[in-house]
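A short write-up of the structure that comes next.
Quick note: the coordinates plus some simple rules give every number you see, no bench work behind them. If you're wondering where the values come from, they're calculated on a predicted model, not measured in any experiment. Here the Cβ is made from the backbone with ideal geometry for all residues, glycine too, and neighbour counts use every protein chain on show.
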Amino acid sequence: MDKKDKLPFLTKIIYGTGDLGFSMNNSIISSLFPIFMMDVIGLSPALAAVILFVGRSWDYVNDPIVGHLSDRTRSKWGRRRPFLLFGAIPFGLSFVLLWLSPNFSQTGLIIYYSVAYIIYEAMATIVYMPYYALTPELTEDYDERTKLTSYRMLFNILGSLVAYVFPMLVIGSMVPDNTKKVMVMGLIAAAIAAAPLFLVFFGTREKKEYMLEKQPKLIPSLKAAFKNRPFIFGAGIYLLTWMTIVVLETNLLIYIKYILERQGQSSLIMASIFVTAIFALPIWNWAAKHWNKRLAYIIGVSFWAVVMIVLIMVTPQTPFWIIMILCVMAGIGVSAAQVLPWAIIPDAIEWDEWMTFERHEGMFYSLITLLGKIGNSIAGPASLLVLQATGYQAGAAVQPDSALLGIRLVIGPIPAILLVGGIVFALFYPLSREQHHKIVEELRIRREARKQAKAEEKPIAGAEEVA
């Protein structure tokens, strides 16, 4: 490894903190927003699904635009960091809008929460797409990126842990009488989410040589992404894995409430999953380094899929110690699913530069975040529609047997099928560690040649085949 590609420990920690707020907010939205709309506001699962779909679908347009803007941005702070500085506070405030309880008609509530969700997703894109695009800029090393992503995922999982523990401590239970407590929870979470973005802004630096690259154009940037085979397969891995996470986040509290009948222990159950995921991160970091990212992913999510299938057999009579063992096992799989897809994506950036002579980090990461939001807009609402179709009754103390079957479906077989799809993409992922090392070395030689030739404007030779 080139010494300049080895990041200081403090830089990894500071960069990682940035994902705390986004993960926390997204997990709160995925796990509590549907229940809030159904059991507190009184909307049906179908209407809640419509609101989720409308809010998340806005980013189909929003994400590529922001990604392209960050690729073209030139400032004294770099290409990505200005978005963190100026977007942090609006990002926090937009989150609060989701948890207000206006006294509107049902139609008014649908419009209000749809618009509020659109605003939140737009603000989140403005800060987090450039944040993610910092990963390949901080280091080009194959294994160092896995370490950097592991630190980010440490805080990502911490954010999810906070999301599943602290809101219910503030709120107590999702009932109409607790609307003020829900709003207080939103205010606290907004402050926690915005603060780390300032830390990342002041604690990281972008590579100056990337600022010297020419500003890419929109259409060629999009074409570069869709012609990049490592990116296409990496995106498939990410999309199906993320859809699995969304389905589980949307329905896990419902599963705990109606299948396990242990709502009072929901914080402990959630904590066991995410604490285990944090401690399992070094395992997957080691696996990616000593095997490769692709194989580590396949093993990790295969294990997780098996655990999900076992969960459909759990009943209220299942001893709590068995439930906790299953949660620990699930946490090991969650850890692999969180870190490895994100560690795979940055390597496609060098493939892109090797093929096109340009860097399109912003566009690539905007498409990844867009895919994540497509996954959100499909997976979460679709799982709620499964509940609707099987007879789920919002706010009911007891669900009919058909609804209990629906809850089991969205916790076990459906997530397992999605993970199998991710494994298929991983089996055909085309970029190995050795190929990536060769590409990075050729790019370094090319950049040096470009510097020497710039004054005379000599053409640089095309890309050679990398075995």
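Considering Cα pairs under 8 angstrom that are at least six residues apart, work out the relative contact order of the chain and quote it in whole percent.
Across the chain, relative contact order equals 27 percent.
Using only the Cα atoms of the stretch 216-272, what do you get for the radius of gyration and for Dmax, in Å?
Both quantities, over Cα of the stretch 216-272: 19.1, 54 Å.
Find out how many positive minus negative residues lie around F425, taking Lys and Arg as positive, Asp and Glu as negative, among other residues whose Cβ is under 13 Å from that of F425.
+3
Which angle between 0 and 90 degrees, to the nearest 10, do you get for helix 9-35 versus the longest principal axis of the chain when only C-alpha atoms count?
30 degrees
In whole Å, what is the distance between the alpha-carbon centres of the stretch 332-409 and the stretch 277-293?
21 Å
What are the radius of gyration and Dmax of the stretch 23-118, computed over its Cα atoms and given in Å?
When restricted to Cα atoms, the stretch 23-118 yields Rg and Dmax of 16.0, 50 Å.
Rg and Dmax of the chain, using alpha carbons, in Å: what are they?
Taking only Cα atoms of the chain, I get Rg and Dmax of 22.2, 78 Å.
Could you compute the FRET efficiency for E442 and I417, with r as their C-beta to C-beta distance and R0 at 35 Å, rounded to 0.05? Present the calculation step by step, with values, prior to reporting the outcome.
On the way: r = 40 Å, r/R0 = 1.14.
Plugging the Cβ-Cβ distance into 1/(1 + (r/R0)^6) gives 0.30.
Based on the mean of other beta carbon atoms within 10 Å per residue, what is the order of 336-346, 254-264, 389-399, most packed first?
Values: 336-346: 27.5, 254-264: 18.3, 389-399: 14.8.
Result, highest mean Cβ count within 10 Å first: 336-346, 254-264, 389-399.
How are the alpha carbon pair distances in the stretch 72-169 distributed across 5 Å bins from zero to the largest one, expressed in percent?
2, 11, 13, 16, 19, 15, 10, 7, 4, 2, 1
What order do you get for 115-125, 401-411, 355-365, 312-322 when each peptide is scored by the mean count of other beta carbon atoms within 10 Å, highest first?
355-365, 115-125, 401-411, 312-322
Quick check: net charge around I344, other residues with Cβ under 10 Å of its Cβ, Lys/Arg +1 and Asp/Glu -1?
+2
Tally Lys and Arg at +1 and Asp and Glu at -1 over the other residues with C-beta under 15 Å from the C-beta of Y164: what net charge comes out?
So the environment of Y164 carries a net charge of +1.
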